[in-house]
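Take a look at the structure below.
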Amino acid sequence: MKYFIRKIIPIVLIFVAIFLAGYLYYIRYYNHSSKMPQYTNTKVNSILTSSSVSPNGKLIFETLYKGTGDIIKEEQTIGASIAGKSEDEISKIYRGWSIKKFDSEEVIFYKEEDGFPPGYYIISSLNGYVSLYKSDGNGGKTLVEKTDILVNNLNPNDKERILNNIVVKDADEAYSILANLSS
């Protein structure tokens, strides 16, 4: 039995070595993507060039609100007034936005805003009282309600949260927090 194993192991090792050498040779000399022909789809009779937008495409506006870190996306169809325009022409139309992606079917604009997205509620302090504001999305806020809850009467944890602003997405959640603060 030992004699049989002593003869088989070298033979198996030789086959493995030959296989690896062949595989490495194939990888090195035959499997290069640069040697493979590259095929692309092209439209011969297209009026629009790749540097202009199609009337059937989409405009996507992404706004990062620094107050929450949320990105709000709005989508529109391109339409006839913008169709066929180049990236430079579109960037002049939409000043204040940077173009994140530009191709014939989709243009993605991006900008960052201070504050909170529109419709968010901010629980904060006004003249020492807990107050509820609603964000306008442009860095401003409108007073919705000034409560009779004194900030100084809150426990230290809640006081710190109010002074740093509590931001929520909907009115129900905001009023639930106000109810918890008043109890």
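The values are calculated or read from the model by the stated rules, or taken from the named source; none is laboratory data. What you see is a predicted model, and the numbers here were worked out from it, not measured in a lab. Using ideal geometry, Cβ is built from the backbone for each residue, glycine included, and neighbour counts are taken over all protein chains shown.
For segment 38-133, list the strands (runs of 3 or more DSSP E) that sit wholly inside it and hold at least 2 residues that are touching a Ser or Thr at 6+ places or on another chain (Cβ under 8 Å), at positive phi and at pLDDT below 85; which are they? Don't jump to the end; show me each part of the working.
Working: elements: 58-65, 70-77, 98-102, 106-113, 121-126.
Those strands (runs of 3 or more DSSP E) do not exist here; none qualify.
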Starting from residues that are basic (Lys, Arg) and touching a Gly at 6+ places or on another chain (Cβ under 9 Å), keep the ones in segment 140-169 and report whichever is farthest from residue 183 (Cα to Cα). 141
For segment 123-160, what are the residues that are without any contact (Cβ under 8 Å) to a residue 12 or more places away in the chain and basic (Lys, Arg)? 159
May I ask you to list the residues in segment 104-131 that are surrounded by 13 or more Cβ atoms within 10 Å (Cβ to Cβ) and within 20 Å of residue 158 (Cα to Cα)? 120, 121, 122, 123, 124, 125, 126, 129, 130, 131
When the residues of segment 132-147 are narrowed to those that are of a type in the set (Gly, Ala, Ser) and surrounded by 14 or more Cβ atoms within 10 Å (Cβ to Cβ), which ends up farthest from the chain's Cα centre (by Cα)? 135
Would you confirm, using the coordinates I've provided, whether residue 101 is within 17 Å of residue 52 (Cβ to Cβ), exposed (fewer than 12 other Cβ atoms within 10 Å of the Cβ) and within 25 Å of the chain's Cα centre (by Cα)? yes
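Which residues, counting only those in segment 134-165, are in a loop (DSSP other than H, G, I, E, B) and in contact with a Leu (Cβ under 9 Å, 6 or more places away or on another chain)? Explain how you work it out, then say what you get.
Let us first name the residues in segment 134-165 that are in a loop (DSSP other than H, G, I, E, B), namely 136-140, 154-155, 164-165.
Within segment 134-165, just 154 meets the criteria.
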Among the residues listed as 70, 103, the single one being out of contact with any Phe, Trp or Tyr (no Cβ under 7 Å at 6 or more places or on another chain), in contact (Cβ under 8 Å) with a residue 12 or more places away in the chain, among the charged types (D, E, K, R) and under 30 Å from residue 144 (Cβ atoms): 70
